[in-house]
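Take a look at the structure set out below.
The values are calculated or read from the model by the stated rules, or taken from the named source; none is laboratory data. This structure is a prediction, so every number in the text was calculated from the model and none was measured. Neighbour counts are summed over all protein chains in view; Cβ atoms, including those assigned to glycine, are modelled from backbone coordinates with ideal geometry.
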C-alpha cells in the first residue's frame with residue numbers, strides 16, 4: 001500500500017484496528033495503540049519484530065498478555081494441586 005489517510009481511522013475502537021496488504025507478503029501497514037497493547041508491545045518496532053510485520057505473523061503470535069495470563073493460571077493450578085496433596 002503506497003499511502004493511506006489515517007484521519008479516517010476511527011479512534012477509541014474497542015479491540016484493535018490494523019491495516020495490511022492483502023496480497024503478496026501481507027505486510028502490516030498500520031496498527032493502532034490497542035493492538036500494541038493486546039500483544040503487550042511497547043513500540044511499533046517491537047510489535048513488528050514480534051509478528052514478523054505480517055498478517056500471518058499477527059495470527060500466529062499469541063498475544064503476550066493472554067499468554068502471560070495462561071502461564072499464571074497454570075502456575076496457580078499447579079501450586080494449588082501441590083498444596084492439596086500436602087494437606
All conditions in (1) over 11 Å from the mean Cα position of the chain (by Cα); (2) modelled with pLDDT under 65; (3) part of a helix (DSSP H, G or I) are true of residue 45 except (2)
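Kindly provide the set of residues from segment 48-68 that are in a helix (DSSP H, G or I) and modelled with pLDDT of 80 or more, ordered by number.
Of the residues in segment 48-68, the ones in a helix (DSSP H, G or I) are 48-51, 55-60, 64-68.
Hits for segment 48-68 are 48, 49, 50, 51, 55, 56, 57, 58.
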(request) Return a yes/no flag: does segment 25-39 have any residue that is surrounded by 11 or more Cβ atoms within 10 Å (Cβ to Cβ), in a loop (DSSP other than H, G, I, E, B), touching a strand residue (DSSP E or B) at 6+ places or on another chain (Cβ under 6 Å) and at pLDDT 65 or above. (result) yes
